[in-house]
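The values are calculated or read from the model by the stated rules, or taken from the named source; none is laboratory data. Given the structure is predicted, the values throughout are model-derived calculations rather than measurements. As a convention, Cβ positions derive from the backbone with ideal geometry for all residues, glycine included, and neighbour counts pool all protein chains shown.
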Amino acid sequence: MLTRHPGQGSALEHALRDSGFQVAHLPVTAQLLPEDISPLERAVKELAAGCYDWLLLTSATTVRALRAAGWNGEIPAATHVGVVGPGTAAALKDLAPAPSPWMPADHSAAGILAELPAPQAGHHMLLPQSAQARPELAEGLRSRGWDLHHVIAYQTAALDRLPEGHHRRLMHPTGGEPSSPGAHKSFTAADLREADVVLVTSSSAADALLRLPLPAELVLLAIGKPTAAALAQLGRPADAVLSQPTAAGVQQALSRL
């Protein structure tokens, strides 16, 4: 089970299926566009005008948020693009064919800070992120000399705590049925069975998931260290933590159990 909506199809999901896993979706959160989308729309226009030397993307959801704000995926010739990992790269490629983006070997914020080339004098970077994103990446980039434009692209909310009027801001449906022919059905906590494996895909998903009635023997995998830390803080440590957010990382984590 992935704690995502089927509409958030990802390279990880496809790779898991190709590796022989039966993959289902257990959405516990929803992604919402900002209540005021004008700063994001303005950033998209500035990107198209060539105002940024770098665009740094840290999730596939960020790519979708930019698209919702009017971005068609085109990148000015002088603008470099960086992505945190293969899932984000796949979402970018789905939006518009483009040269391969820069990507750190360590698919994480720490990997970006350790491996991203140093900025040239006066270089500007656009960093669209979730409202819940940890500050370490933005602060680290600024401390390394980047002139950073940090803009909120979306926010994540638990399905049982969606704000009033959320429907107009939803980036994905929240119902349990497929949103289009061929889409995969969403499941609920009542569908979980003992020894099912749930891949917890974010800290916000960890918080929402652990408020649900879960089987005692459920296996929880954390997609990375921040999510593992959130699970531990909430009193239900992960049974294993992925070394990388890939199908191979899932296989390695399960082999250690």
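In the stretch 211-227, which residues are touching a strand residue (DSSP E or B) at 6+ places or on another chain (Cβ under 9 Å) and under 15 Å from V197 (Cα atoms)? Please lay out each step first, then the result.
Within the stretch 211-227, the first condition is being touching a strand residue (DSSP E or B) at 6+ places or on another chain (Cβ under 9 Å), and the residues that meet it are 211, 214, 218-225, 227.
Those that are touching a strand residue (DSSP E or B) at 6+ places or on another chain (Cβ under 9 Å) and under 15 Å from V197 (Cα atoms): L214, L218, V219, L220, L221, A222, I223.
Right, L26: more than 21 Å from D147 (Cβ to Cβ) and at pLDDT below 90 or not? The answer is no for L26. Close contacts from the stretch 166-193, counting a first residue that is farther than 13 Å from A30 by Cα and a second that is modelled with pLDDT of 60 or more and of a type in the set (D, E, K, R), with Cβ to Cβ under 7 Å and a gap of 6+ residues or different chains, come to E177/K185; P178/K185.
Consider R17 carefully, then state whether it is assigned by TED's automatic domain parsing to the domain that holds L126, among the charged types (D, E, K, R) and either closer than 20 Å to S186 by Cβ or modelled with pLDDT of 90 or more (or both).
no
Hey, any hits in the stretch 221-232 for a residue that's polar (S, T, N, Q) and without any contact (Cβ under 8 Å) to a residue 24 or more places away in the chain? No: zero hits.
Just one residue in the set A232, A190 is over 25 Å from G85 (Cβ atoms) and in a helix (DSSP H, G or I); that residue is A190.
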